[in-house]
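Below is one structure, written out as structure tokens; comments come after it.
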Amino acid sequence: MKKSLFIIIILLYTSSYSQEFKPYKIKSGKIEYELRKYATHSHFSDTDGVKSKRKEQVPYVAEIINYYWDKNGDVAFEESWEVAKFGGDPIPKIKRYEMLWIDDHQYHYNFNEDRLRDDPNNTRMQCRDRFQFYQITGSWVETVYGAKKNGTVRILGKDAVYYKANDAHDIYIWNGLVLKEETFATTREGKRLRVERTRIATNIETNLQFDPMMFDKQRLENDRYFQTMDKDVVNSFIDGTPNKLWPIQESGFKLKEGDILLYVTSDAHIGKFKVLKITKESLAIKYVTFDDYGDVFTQASSLNIPNNFSCELDNGNAYEDKMYLQDFRFKNDNEPMLIPFPTLGFYLVKESRKK
């Protein structure tokens, strides 16, 4: 009887934990980060015949990162853009990855490799393994790393608690949120040599409202077919392979989740979009509109279009009552419909309906 009662208590404890991980003390928000790396600059001097040499670690911004969270951190989404080459030479913004944390999963989409990984949410799992300690301390950092508080540092006007996680890793926490992380090069014995990279918050907004699509796994779907359709492919489909497309008439077309559509906008740009999610209230799409040279003119990984709103795909805006130079209207009275305006064309890619 006692053994059965103990098992029931453990099961209830585990079940309640799955609902009460909540690592942050703030319900929702967004943090903008800079990922700073360090380039080694050598300096030489010759003073009165005495030659000397010294090296200096000069930081540069390698990546820009946006991090979003809701439900006190039970769900989170992160996206990163590379903005500089190794050494600091600036480059046009390039999307590197997107990450999504849901329950026991950490989904990672690598844009360069066009690959989606499903990894364990290690922080959540480790806090579950040490659930009682986590409940007592209320700190995922102390639970995961066994680290102790080492004072506070002001970051963005907030008192961030400093933790030395290990010999190669420092973390600065405010209300459970990471405002700064530093990693260090070390000797084999663990002695710190120099900072290798710093991830630091440059802006924070709290208590935000998000569309549910922000934390939906479908936005990270590994869709090689969509990803590999550049301007030349889109153009060849529209101009040369009509057997692969269904033209959409102005009377409208019933949409399904997963549909891929090609289009020519009212400003004569071509592009592609994929239907991510359909509800009675809205349509969520990811889209890319190309410029005349084949580069991205505008894009979004999740654009939300409310029911009965019109949308223009040159800049990715949705309007309730502006009709001039719009490209289509989303209407979901009895069924989800795309109603094209008199643009140069909308086409469904037949292949996207085969799933």
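The values are calculated or read from the model by the stated rules, or taken from the named source; none is laboratory data. Computed from a prediction, not measured in an experiment: that's the story for all the values here. Quick reminder, even Gly has a Cβ in these numbers, built from the backbone with ideal geometry, and neighbours come from all protein chains shown.
Values as computed for the structure displayed
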quantity: Single unsatisfied condition, Tyr293 versus (1) more than 23 Å from Pro247 (Cα to Cα); (2) touching a Leu at 6+ places or on another chain (Cβ under 9 Å); calculated: (2)
quantity: Residue check for Phe86: surrounded by fewer than 16 Cβ atoms within 10 Å (Cβ to Cβ) and part of a loop (DSSP other than H, G, I, E, B); calculated: yes
quantity: Hits in region 160-196 (condition: among the β-branched types (Val, Ile, Thr), modelled with pLDDT of 95 or more and farther than 19 Å from Val61 by Cβ); calculated: Val161, Ile171, Ile173
quantity: Residue within region 29-37 that is of a type outside the set (Phe, Trp, Tyr), on the phi > 0 side of the Ramachandran plot and at pLDDT 90 or above present; calculated: yes
quantity: Set Leu348, Leu303, Leu344, Leu255: member being touching a Lys or Arg at 6+ places or on another chain (Cβ under 8 Å), among the aliphatic types (A, V, I, L, M) and assigned by TED's automatic domain parsing to the domain that holds Gly240; calculated: Leu303
quantity: Region 230-280, subset under 24 Å from the mean Cα position of the chain (by Cα) and assigned to a loop (DSSP other than H, G, I, E, B), residue farthest from Met337 (Cα to Cα); calculated: Asp230
quantity: The listed residue being closer than 27 Å to Ile171 by Cβ, in contact (Cβ under 8 Å) with a residue 24 or more places away in the chain and among the acidic types (Asp, Glu), out of Glu32, Glu82, Glu78; calculated: Glu32
quantity: Pairs where the first residue, in region 112-137, is at positive phi and the second is part of a helix (DSSP H, G or I) and loosely packed, with under 12 Cβ neighbours inside 10 Å, C-beta under 6 Å, 6+ apart; calculated: Asp114/Arg224
quantity: Any chance Glu113 is at pLDDT 90 or above and among the charged types (D, E, K, R); calculated: no
quantity: Strands (runs of 3 or more DSSP E) contained entirely in region 113-207, each with at least 1 residues that are in the same structural domain as Lys55 (by TED's automatic domain parsing) and surrounded by 15 or more Cβ atoms within 10 Å (Cβ to Cβ); calculated: 149-155, 158-166, 169-174, 177-186, 192-206
quantity: Restricting region 238-253 to residues that are surrounded by 12 or more Cβ atoms within 10 Å (Cβ to Cβ) and charged (D, E, K, R), the residue that is farthest from Glu335 (Cα to Cα); calculated: Lys244
